[in-house]
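Since every read-out is calculated from the coordinates, none of them should be taken as a lab result. Note that the structure is a prediction, hence the values are computed from the model and not measured. When we count neighbours, we look across all protein chains shown, and the Cβ atoms used for this are built from the backbone with ideal geometry, even at glycine.
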Amino acid sequence: MSDVEIQSAVKKYGRFTAVDSLDLTVSGGEFVTLLGPSGCGKTTTLRMVGGFVRPTSGRIRISDEDVTDKPPQKRKVGFVFQNYALFPHMDVARNVGFGLRMANRERSEREKRVAEILSMVRLGHLSDRMPSQLSGGQQQRVALARALIIQPSVLLLDEPFGALDKQLRDHMRVELRELQRSLGISTLFVTHDQDEALSMSDRIVVMSEGKAAQLGSPSEIYERPNSKFVAEFMGHSNIFDCLVEDVSKDGASISLNGVGFFTNSPSARKGSRMTAMIRPENIEFADSGEKRGDATVAATVAGMEYLGSTVQVTLSLEAGISLVARQTNTESATGSKLRTGQNVAVRIPPEAVRLL
Amino acid sequence: MENEYSSRLGYRLLLIFTCLVITFLIAPLAILVVQSFTAESYLSFPPPSYGMRWYADVLNSADWQDSAGLSLLLACIVTPCSLAIGTMAAFALNRGPSRGRRAMYALMISPMVLPHIVLGLGIFRIALELNISDTMIAFVPAHLTITIPFVIITVGASLQSFDISMEEAAQSLGASKFGSVWYVTLPIIRPGLIAGAIFSFIISFDEFIITFFLATYSRTLPLEMFSTLMFQVKPSIAAVSSLTLAVTAGLTAILMFRGQVAGESGVIK
């Protein structure tokens, strides 16, 4: 039993292929995120599930029923739009009750369920307000309540936090996720924001040019990206072309422009040119005098960027390699005491280096 | 508006100029209205004595009653038809294929700028062929050709600023395509619809040239006024003009004072 099943969906606009043979199943109250840059086909995919875009080929199934040829009103999906699309001529209660009115439910039943769902999103006291009198967060809750009242098989969210400021966004993200969990409703969420995707999702689909570049849990996507595109999109800053010099059972030694590193990444093939990714938060600063074996590399601090909870240090290595390290900003951390121009020794553990 | 840096002289000149323009526009109408209240049997300004004599004359005249009735009936048939067709056209131009959209738009609003005498002649030729001239079957479509462009423009402007995701939201909540337009789109673009309806009514009610071609024995109000003027200039014509002016100005006032109408439809700022 799956709530949503996308089977090799393709959407072409003339010669442009917006979605290219995408497969995805969402079930059992899962929260799945379609993540990618603009134009990657994530919104088109969501709109295909919602019934606003007809796939060029492939099938869409909702609750094990083929809905590919069905219009939105026959799909029982709860769609929350980017700008909420609240009806400006109806008050909150009428907005939320709209789905029940379309289903010809009795007035008394409608009023009861509207009251219930409004108290669930903590808006019971605002039921007679017009949408224009509400704050952004309140409008979003109305949109959510309106979508949920029809008891949809799946909740579809199209960048719902885009219009909110950062503090409210963080708050709404937790609130939405709690509500989604307590209702146990399968959810497909579209965003271009990695942090949002990482913090909310059970699974993430990173999309690129209409295809699923990688599908996995947030930690898989972040820690083990399978391509340069995914690594770059997830915000990794240290990505290099390298040569695999030697492979042993413990790992491999690689060379970036002649500077040697050691990695335990399993995919190394001797003699091949590959892409190496070094995660900034795993780069350690060796205190002067401390002997940490041959894994240390000499570097010069080229720049410091203060980010509040972390400090980002740009390191300049020999052979013109520039490396970004990120240190937690604590009293004792070496990173916060560094000065631009200082010579340092950095240790790059084998598990921090990943071959793509 | 005056700000702290504008010169007082410049501001005064602007004020004088504005007053002149307004006077130029209003004065002929004002004189006509004043004349309509004359108690004499001829038109003069200012009238030597005042009375409601000519209004009584007009309101009791079978000719004026019949022609006003025909004009009202015509406007009442034309307005809903114009609104329905114009709204559908505006939707088609807003949602239809983008290819050829501009050309189609230009074509559909062209009756606004084409000389009405040419339109009238063309419609008259067709009406003759079809043997329908001097009937409502000819008058209604003839008026529609010139009223529909106004609906296309006012409703089109409202649709331009309408967010289509609201229709999609309604559909995902169970509304049919038609239902989503009926419950969501039309109420939201209502200011444009009202503006289009009022324009249609006023234009149909005032229409002269095209109706003149088509009418043989029928007399709409503008036709009756014209033929009366051909024979004699009596104060009754001033009274009729004043009454027509009152209806038109009243409807325009509704249009203006519904603040939203002016703002949202984008026709009157």
Check: C-alpha center the stretch B:55-113 vs C-alpha center the stretch A:238-273, spacing in Å is 78 Å
Scaled by the rule-of-thumb 2.2 N^0.38 Å, the alpha carbon Rg for chain B gives a ratio of 1.22
Chain B, Gaussian network, Cα under 10 Å: of B:THR87, B:THR79, B:THR18, the residue fluctuating most is B:THR18
With the protein assembly as shown reduced to its Cα atoms and the Debye formula applied, log10 I(q)/I(0) at q = 0.06, 0.08, 0.09, 0.12 1/Å amounts to -0.57, -0.82, -0.93, -1.20
Excluding residues fewer than 8 positions from A:LYS211 in its own chain, the aspartates and glutamates with Cα under 12 Å of it are A:ASP20, A:ASP23
As straight-line cross-link partners of A:LYS249, the qualifying aspartates and glutamates (C-alpha separation under 19 Å, not fewer than 8 residues apart within one chain) are A:ASP294, A:GLU351
Here, chymotrypsin sites (Phe, Trp or Tyr not before Pro) of the stretch B:1-102 satisfying both criteria (DSSP loop; at most 14 other Cβ within 10 Å) are B:TYR5, B:TYR42
Quick calc, chain B, dipole around Cα centre from Cβ unit charges on Lys, Arg (+) and Asp, Glu (-), nearest 20 debye, gives 560 debye
Given unit charges at Cβ for Lys, Arg (+) and Asp, Glu (-), the dipole magnitude of chain A about its Cα centre in debye, nearest 20, is 1160 debye
Candidate cut points under GluC sites (Glu not before Pro) in the stretch A:98-147, DSSP loop plus at most 12 other Cβ atoms within 10 Å of their own Cβ, are A:GLU106
Those helices of chain B passing the 20 Å axial Cα length cut-off and the mean Kyte-Doolittle cut-off of -0.5 (DSSP H runs only) are B:8-36, B:62-95, B:116-130, B:136-160, B:190-206, B:235-257
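Estimate the FRET efficiency between B:ASP57 and A:SER108 by the formula 1/(1 + (r/R0)^6), using the beta-carbon distance for r and 51 Å for R0, to the nearest 0.05.
Working: r = 62 Å, r/R0 = 1.21.
Here the calculated transfer efficiency is 0.25.
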Taking every residue of A:72-84, the Cβ atoms of other protein chains inside 10 Å of its Cβ average out to 4
The stretch A:207-333: spread of alpha-carbon positions along the three principal axes, whole Å, largest first, is 46, 36, 25
So, with points 7 Å from each Cα along the Cβ direction, the A:ASP170-A:SER21 label distance in nm works out to 4.3 nm
Rh_Kirkwood(the stretch A:111-156) over Cα pairs, Å, one decimal, evaluates to 10.9 Å
Computed over all unlike Cα pairs, the Kirkwood hydrodynamic radius of the stretch B:154-264 in Å stands at 17.0 Å
Here the stretch A:19-26 yields Karplus 3J(HN,Hα) values (6.51, -1.76, 1.60; θ = phi - 60°; whole Hz; Gly and Pro given as x) of 10, 10, 6, 9, 10, 7, 10, 10
Rounded to 0.05, the calculated FRET efficiency for the beta carbons of B:GLN160 and A:ILE239 at R₀ = 35 Å is 0.20
In deg cm²/dmol, rounded to the nearest 500, the helical mean residue ellipticity at 222 nm of chain B, built from -39500 (n - 2.57) for every DSSP H run of length 4 or more, is -23500 deg cm²/dmol
With +1 at each Lys and Arg Cβ and -1 at each Asp and Glu Cβ, the charge dipole magnitude of the protein assembly as shown around its Cα centre, to the nearest 20 debye, comes out at 500 debye
In Å, the C-alpha Rg and Dmax of the stretch B:130-201 are 16.4, 51
Note: B:LEU121 to B:SER176 extended length (0.36 nm per residue) minus current alpha-carbon separation gives 15.4 nm
Taking only the alpha-carbon atoms of chain A, the convex hull volume per residue, in cubic angstrom, is 175 Å³
Between the modelled labels at A:SER267 and A:MET130 (7 Å from Cα along Cα→Cβ) the distance in nm is 5.6 nm
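With a cap of 12 neighbouring Cβ atoms within 10 Å, and only residues DSSP puts in a loop, list the GluC sites (Glu not before Pro) found in the stretch B:1-80.
Those that pass, being in a loop and sparsely packed, are B:GLU2, B:GLU4.
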Taking Rh as the Kirkwood radius computed over alpha-carbon pairs of the stretch A:70-203 and applying Stokes-Einstein at 37 °C with viscosity 0.692 mPa s, one gets a diffusion coefficient in µm² s⁻¹ of 217 µm²/s
Here the Cα Rg-to-2.2 N^0.38 Å ratio for the stretch A:1-111 is 1.22
Per principal axis, largest first, the Cα atoms of the stretch B:64-192 extend in Å by 52, 36, 24
Rounded to a whole number, the Stokes-Einstein D of the stretch A:123-280 in µm²/s (Kirkwood radius over Cα pairs; 10 °C; 1.306 mPa s) is 85 µm²/s
Here FRET efficiency (C-beta to C-beta, B:PHE226 to A:THR68, R₀ 45 Å, nearest 0.05) is 0.10
Label model pair B:MET256, A:GLU220: point-to-point distance (7 angstrom along the Cα→beta-carbon line) in nm is 6.9 nm
